[in-house]
Each structure stands twice: as C-alpha cells, then as structure tokens.
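*Asks:* Got a structure for you, questions after.
Nothing in this text is a laboratory measurement; each read-out follows from the coordinates by a stated rule. Note that the coordinates shown come from a computational prediction; the quantities given were computed from them, not determined experimentally. Note that each Cβ is placed from the backbone with ideal geometry, even for glycine, and that neighbours are counted across all protein chains shown.
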Amino acid sequence: MDAKEAERLMGFAPGELEETARAYETDCWPAGRTVRLGRPPISKEPTAVISGRVEVSVLEAFDEKARKCGQTRAERLRALLAADVGVA
C-alpha cells in the first residue's frame, strides 16, 4: 500500500495526511481541525462502562434474542437498562 492509498483509506484528501503530520509535529494544529477518533457518541451526556458476570448459556441466549430483535448485545442491554429505570 502506498501513501496515496493509505490517505484514501483513512479519509484524507491527497497530500492532507502529510500536511496534517507537519502541523502536528510543529505544534501548529489549525483551529477547528481536531478529529475525534472512534465511534460516534451514543448520548448527549457522558457515558459509563458497566460489567458483570453471567453464565455462558445466559449470554448466548441474550445474544440470540438481541440478534432476533435486530440489535447488538450493547444495544439490547442499553434498551433494557433504560426501560428498567424508566428512561427512554
């Protein structure tokens, strides 16, 4: 893979990756050019990670039900938690 292909795959215009690297390395990052990496936010308020242990059979059944409902595990868990506490 060459630099042009890497730029294209990362969503940069031709030459923009080099320009961005130069700005970063010289501490001249242009205002308004900050890129937030990762998934888009799921909420307008801060989020938190929760965890807990369940039997593998429960997890498999939960995942299957989520799949049948067209949801991911996380989507289903968020929906059930919101419904439980009356926030939707």
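*Asks:* Could you work out the relative contact order of the chain, using alpha carbon pairs under 8 angstrom and six or more residues apart, expressed as a whole percent?
*Replies:* Values: 20 pairs, mean separation 8.2, N = 88.
Rounded, it is 9 percent for the chain.
*Asks:* Test of the criteria: in region 47-88, which GluC sites (Glu not before Pro) are in a DSSP loop and have at most 16 other Cβ atoms within 10 angstrom of their Cβ? Write out the running numbers ahead of the final one.
*Replies:* Working: sites: Glu55, Glu60, Glu64, Glu75; in loops: Glu55.
Filter output for region 47-88: Glu55.
*Asks:* Could you give P(r) for region 40-88, binned at 5 Å from zero, as whole percent values over all Cα-Cα pairs?
*Replies:* 4, 17, 23, 28, 18, 7, 1
*Asks:* Could you give the nm distance between label points at Ala6 and Asp27, where each point is 7 Å from its Cα heading toward the beta carbon?
*Replies:* Once both label points are built, they end up 2.5 nm from each other.
*Asks:* For a quick check: with amide H placed at 1.01 Å from N, whose amide H comes under 5 Å from Phe12's, ignoring anything fewer than 5 positions away on the same chain?
*Replies:* The answer is none.
*Asks:* Please give the length that would be gained between Glu45 and Glu64 if that part of the chain were fully extended, namely 0.36 nm times their separation in residues minus their C-alpha to C-alpha distance (nm, one decimal).
*Replies:* Full extension of this stretch gives 3.9 nm more.
*Asks:* Could you please report the charge total around Val56, scoring K, R as +1 and D, E as -1 over all other residues with beta-carbon less than 14 angstrom from its beta-carbon?
*Replies:* Working: positive: Arg53, Arg73; negative: Glu55, Glu60, Asp63, Glu64.
Computed value for this residue: -2.
*Asks:* Loop-only trypsin sites (Lys or Arg not before Pro) in region 1-79, please: DSSP not H, G, I, E or B, and at most 14 other Cβ atoms within 10 Å.
*Replies:* Working: sites: Lys4, Arg8, Arg22, Arg33, Arg36, Lys44, Arg53, Lys65, Arg67, Lys68, Arg73, Arg76, Arg78; in loops: Arg33, Arg36, Lys44, Arg53.
Counting only loop positions with at most 14 other Cβ atoms within 10 Å, the trypsin sites (Lys or Arg not before Pro) in region 1-79 are Arg33, Arg36, Lys44, Arg53.
*Asks:* What whole-number volume per residue, in cubic angstrom, does the convex hull of the C-alpha atoms of the chain give? Kindly include the intermediate steps, with their values, before the conclusion.
*Replies:* Details: hull volume 18.2 nm³, N = 88.
Dividing the Cα hull volume of the chain by its residue count gives 207 Å³.
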